[in-house]
Structures are given as structure tokens and as C-alpha cells.
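Each value in this text was obtained by applying a stated rule to the coordinates, not by laboratory testing. Only a predicted model underlies this, so the values are computations on that prediction, with no experimental measurement involved. Using ideal geometry, Cβ is built from the backbone for each residue, glycine included, and neighbour counts are taken over all protein chains shown.
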Number of protein chains: 2
Amino acid sequence: MSPWSAASPGLRVAEIDTPALVLDLDAFERNLRTMSAAVVGSGMRLRPHAKSHKTPEIARRQIAAGAVGICCQKVSEAAVFVDAGINDVLVTNQIVGARKLERLAELARRARMGVLVDEPEQVRALAAALDRAGARMDVYIEVNVGGRCGVPVGDALRALAKTIAGAPALNFAGLQVYHGPAQHMRDPGERAAAIGHATDQARAARALLDSLGLPCPLITGAGTGTFRHERDSGVWDELQPGSYIFMDRDYADNRSAEGDIHFEHALFVLTTVMSRTHPARAVVDAGLKASSVDSGMPAVWQRPGLNYLKASDEHGVIAIDPSAELALGDKLLLVPGHCDPTVNLYDELVVVRGGVVEVIWPIRARGATL
Amino acid sequence: MSPWSAASPGLRVAEIDTPALVLDLDAFERNLRTMSAAVVGSGMRLRPHAKSHKTPEIARRQIAAGAVGICCQKVSEAAVFVDAGINDVLVTNQIVGARKLERLAELARRARMGVLVDEPEQVRALAAALDRAGARMDVYIEVNVGGRCGVPVGDALRALAKTIAGAPALNFAGLQVYHGPAQHMRDPGERAAAIGHATDQARAARALLDSLGLPCPLITGAGTGTFRHERDSGVWDELQPGSYIFMDRDYADNRSAEGDIHFEHALFVLTTVMSRTHPARAVVDAGLKASSVDSGMPAVWQRPGLNYLKASDEHGVIAIDPSAELALGDKLLLVPGHCDPTVNLYDELVVVRGGVVEVIWPIRARGATL
């Protein structure tokens, strides 16, 4: 990592070294409040996804704003949050491998932990690891509605539920029903229809469990792009949005409809113009190691006539309209194309209020992929 | 970062926790030898680019194999290598901003440092920072041949050379002539033609400097995709390839021609099948936080009938041909689409020889973007 920090408290934004990951604290706090009002205020459980921020300081603020705990995606990521004092973590993923299960069981001795399964073999390996550790944990069956992991509603779900019920170390906690692709469907009607289909599946899964005499305690899922539909479905009990605290260019590209809940851009990459030899282009010091391009290029923030054209490892090319000006040494804020993998590139979040650095938050779970 | 390491010496590859970045030491050492034979053996200077590996253990081996020093892309990256004892570093980038220049001047007191310029304003700011630090350093003018940074051969080059000559703290060290886009042109004829054009520009730039009475000590540049052409041009004195030690899927997609020098895949992402509920697909635990997808998906290594189809943050989807088999818990090696940003996702390189972990190398400059 860099031997020095990009900033220290009291600096103005223009004095921050670049590229730096900057959090607008006012916008972030408004996003926190908007989500709490929309979800906790409606009587639903909120369990935000920490894979987006990987930052204990943010998890603490989410819990203070009414969240019941957090989601993580990896065992090592969960360990960072448990070490930081977060005591209720759902790993929204299947965990396979003896070393991983041993670590997970160890965490279950220290915090309330949950995990997903979609094959009986996972259930047996998890139960064995928990028995060895003398621990218990929550297990959720993932129902496949997004085309990735999970089981369809039918025999596979039935077999899984029975295997879980036969393992004393496992607490059958409910169903994970998450539609990933729906989050980024541009058309609001398509998003609603996708979650409508997922709602039918979730309802059928609950009915199947009821018919087995294994009632489903809770249905959890949803993301920033669709959570209003899961909230209003009458089926989900708990929601897992992650990106709402930051928002990124990709989420902002979703078209909205009446009833959608709006969040502000709070996460930016600050960058400096380092080369300005071409009349219609400039080169900035933030490339694809500073802003992930998997979901497209970042957007230049509030500077009409400037467009981030392309990224190489350490360079970004800015196209300059004839109406716009941009000089060597000028700084720009970029809205990342995709917040999660962009955050994962940085060791620190430079937290700014009113144009002045207030604090630096370490992104402690950055790179925790195990 | 992860609270634990993916591996320890003595483990077999199948026992490494995943996703992990794995270096095949035998293939890496063969790549080192191939490059040394091709470049150092031909009497050229070799200055490999450390932005690809960010790992002092690798820089030391490159220097032991005949390199004169290394290239870096960022001041903080260079600082990591100077701290690790590498004492000759060329920052192949324009450096803008008072804090960065102060750090760079500080490094120039401890090691032989070089940097690029393409505007007189950069030269003046650098000279002032060096004067304040009581340091001197090498300065190279970047000639624009790849369409990004640098000046054309003409008035701008003339003005820059004169500004450098007037600054006692600056040692005019030569020209940087690097054609980035040519590295990944698929057609060998197009690569040769692009470097042919760059050769003409480099020759013209040198002639212009001669005409000013400011002879050019050295021309440096080139990458893994084209270095044989720069080597054989009669114009370049020093070559800067980076990816040759690892190779990635994107470089392997370049079609080759007679006289091209071949390197082996030495860098892999080890991943585990974590979900296997669909007949024709599996989900692995390496997504786009484990293998950068900016240059396309990773390739599955030596497992015919398996294709890495798409990546989300922490998941990869593998398409399974009817002829192939893949079970829950199976491990696969992936060849990353692009090695540089993939390495930048990891804190450690698991170094393997003959299927057994030999050592763990810290990727100390990972995330050093300042």
C-alpha cells in the first residue's frame, strides 16, 4: 500500500493527494436516513450489505441507524467486521472448503453468524465443522431467482430443508431470495416484473416448507435497485441493500418510476490533470486501478463538457468540449462506474464535510477475498 | 485485508485457500531468462516495469537477471521499491502537484530517480521541488506516439528541452517513447507498423535535439507486446516490458509472427466451485474482485470444455460443455484477462514450484496509487 495517506483532517478537498476515494459525509448521512425511513420505518428488518463499503466505521453507523446487523460475502470479510465488534453477520454466500468452514465456525463462537446453502453436501460439511468447534449458526437456503446460485422451488429445496433439520448445530433461519440482475435493469417496469416473479417463487418456497412442517422463520434479500418492491411484496422480512450509501454511475443510469426512493452520489474519486498537451483531451491520474471499469467508465461530476473517455492502468482520458476548460493540475471528482470494486481498490476513505477533510476511515476489509 | 493468508509453505496447490493469486515459479524463472537473453544478451538495457508486479521480491530477481533498475508509474509505488532497497527507479509518468513533487524529490536524495515531463510547467515545478530538497534527478521528455501523454516532435519538444537545460537540478536523461495501444494489437503486422511509425518519431526527436546542441543520452520505452521491434530498431537504448514475467489472457490473444519471443503463463487465480445446482453451469468464488475484467474474462487453464462466462463482484460463472465434468469443491486455475490490475487486488503472491507452495511474497506496492 501507499507509505503515506492521501489526506489528513483539516485539509481542503483541493489539497487531497490523488487519486483518492472521497466520501461526502453529508450526502452519506442523508442516504443512511433515507434508507432507515424507507425500510426500518416500515417495520422491515434492514441488514445492509457490507461488501459495498468494507469499512467498520460505516457498519457501525448503519447499525446505529436501525440495521439489525450486516451482510458479508466472504468469511475473511466477515472476520474483519467481527474483529471490529459487529456481532451479527450473515454471509450471503455458499462457503465450500475445510479451512473456510473451520474459520466460519470459529466466528460463530464469537458472533451471531449466518450462511447460505444450496446443496446437502454443504450442509453436512458445515454441520461437521460446527460440531468440531462446539458452535451453532443460522443457515438460510438460497432460492435461485437471479440465475446464479440457489435451488429451484421443488425437490432440491425439500431435500435441503430436511438435511438442515437433521443437524443440531444448524438453526434453520429462513430463505435467501435475491435477484442480482434485476438491480441493474434500466427499465423500472422490468425491475418490477423481475421482483414480481421472485415474489411468486419466495411465496411458493415458504408454502413448500410449511407443507413439510418446517416453517420458514424469515425471507431475506433485495438490493438498492429493487428493494422497494421486496419491501412492499408482503413476502420479504429483511432487506440487504448495499450501494445506497454511496450510489454509483451504474445505479444512477437506472430510469426511475413513481415510488422509487432516491439516493445521492456520496462516493467520488478525486483525480488531477497530469498531462494537457492535446487541444481536446486531457489525461488524469485515475485509471482502472483507481476506479473499476467493469460497469463502464466513471462520470465527471458537475463539470459540463468534460467526459471520461477511457481508462488504462494509471491514466484516464478526459474529452473536453470546446465550451469547457481544463488546465494542468486541475482536480476533478469522478462518480465511479461501480462502487463495490472501486472501494476494494483503496485502503482508506477520505471523509469530507463542507469541502474539508473531517476524518480518514480505514477500509479494513479491502482485499478480504478469502 | 484478509486476517489470514491463503497458504503457507509446504501446502499443495489443492490445499491453498481461494481465491488466491498463484505464481508458477518455474514458468516465471523461464520468462525471466527468456527476456534477459533477448534483451540484455543483445546489448540493450532492460528496465522492467514494476507496475505489473508491485513486488520487491520480483524486482530483485529482475535486477539479478541483468535489469539496470525498474520502472514505476506512481511516486508512492516508487517509494515502496526504494524502501525495499531498489536504488534506480524511473517513474514513467508526469507527476503533478506540490505534495507529490516533494515526495519525489525526497526519493531522489535516496536513490537514482527519473521522471517524465511533457509541459514546461512540470519542469519548473519539479526543479523548484528538487532545489528545496537539495536533490537532483533524471528527466525524460515523453514523445507522444501512442495518443496519450507526451509532445509531438516540434516546437513543444524544443521548448521543453531548453527549459530542462536551464534547470541545474535536472539531468536531461533522454526520451520516453512508448506506444501503449500497439502492445495489444492482435495482428503482428499492425504491431510492427505502429512501432515503425514510433521509430520514425524517435529518430526525428533525437535529430531535433542534436540540432539544438542538446544531445539525447538515451531513448527508453517498449512493452511486452512489441519490444522485439524496439530492440531491433537501432533507435531505442532501453526497454521497459512488464507483463512478460506473468503473461495474461489478453497478451496471449495477440497473434504471433516469426521472430516474436514467447513467454509462458506464470500467474493464475486459484478458485473453488462453490455452487453446482445447474446442469450446464457452475459458480466459482473468484469474481471481479479476484480477477480484473477490464480486458475481458479470465481463461480456464488446461480444463477443456470449461469456460469462464461472466463475473460479478464475488462470483464467476463457468459454462460446462456436456463433455466436461466439474464438481462442488473442485479447484480451477484461471489465467487473468489482464495481469496488472489483477495483481493490484491481492496482498500476497502464493509462489508455487512443482505443485507445492514454496514461499509467500507480499505485494507491497498493491494499492500504491498516489
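So here's what we get for this one:
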quantity	calculated
Compactness of the range A:26-248, expressed as Rg and Dmax over alpha-carbon positions, Å	16.7, 49
Teacher prompt: B:GLY329 distances to equivalent labels in other copies, 7 Å Cα→Cβ, nm	6.3
Pairs of lysine residues in chain B - Cα separation under 20 Å, sequence separation of 8 or more or cross-chain	10
Residue-averaged 222 nm ellipticity for the protein assembly as shown, from DSSP H runs of 4+ at -39500 (n - 2.57), nearest 500	-8500 deg cm²/dmol
For the range A:195-206, 3J(HN,Hα) per residue [Karplus equation, 6.51 cos²θ - 1.76 cosθ + 1.60, θ = phi - 60°, Hz, x = Gly/Pro]	6, x, 5, 4, 4, 4, 5, 4, 5, 5, 5, 4
Centre separation in Å (Cα based) which lies between the range B:151-171 and the range B:311-370	44 Å
For A:GLY354, label point 7 Å along C-beta direction: distances to other copies, nm	6.7
Euclidean distance of C-alpha centroids, the range A:111-140 and the range A:54-107, integer Å	15 Å
Range of Cα positions in the range A:32-102 per principal axis (Å), largest first	41, 21, 18
Fully extended contour minus Cα-Cα distance, from A:SER5 to A:ARG33, at 0.36 nm per residue	7.1 nm
Residues with amide H under 5 Å from that of A:LEU349, placed H, sequence gap 5 or more	A:TRP361, A:ILE363
Long-range HN-HN contacts of A:VAL91 with modeled amide H, under 5 Å	A:CYS72, A:GLY114, A:VAL115
Positive-end residue, the protein assembly as shown charge dipole about Cα centroid, Cβ charges, pick of B:LEU175, B:CYS149, A:LEU170	A:LEU170
Zone of A:LEU214's modelled label, taken as backbone nitrogen in the range A:158-178 under 11 Å from a point 7 Å along Cα→Cβ	A:158-167, A:172-174
Cα-based helix-to-principal-axis angle, A:155-165 vs chain A, degrees rounded to 10	80 degrees
³J(HN,Hα) computed for each position of the range A:22-31 - Karplus, 6.51 cos²θ - 1.76 cosθ + 1.60, integer Hz, glycine/proline x	10, 10, 7, 5, 4, 5, 4, 5, 5, 4
Among A:ALA111, A:CYS72, A:GLY97 - extreme Cα towards positive end, dipole of the range A:69-122, charges at beta-carbon	A:ALA111
DSSP-defined antiparallel bridges as percent of all bridges, the protein assembly as shown, nearest 5	50 percent
Additional length obtainable on full extension of the chain from B:ALA193 to B:ALA64, 0.36 nm per residue less Cα span	43.1 nm
Virtual spin-label span in nm between A:ALA319 and B:ALA319, 7 Å along Cα→Cβ	3.1 nm
Chain B: angle of helix B:98-108 to the longest principal axis, Cα-based, in degrees nearest 10	90 degrees
Test item: Cα-centred dipole of the protein assembly as shown, Lys/Arg +1 and Asp/Glu -1 on Cβ, debye	920 debye
Dipole magnitude of the range B:26-247, debye to nearest 20 (Cβ charges: Lys/Arg +1, Asp/Glu -1, about Cα centre)	380 debye
Position B:GLY234, label points 7 Å along Cα→Cβ, spacing to each other copy in nm (shortest first, one decimal)	8.4
Residue-by-residue Karplus 3J(HN,Hα) for the range B:168-176, coefficients 6.51, -1.76, 1.60, Hz, glycine and proline x	x, 6, 9, 9, 5, 9, x, 10, 9
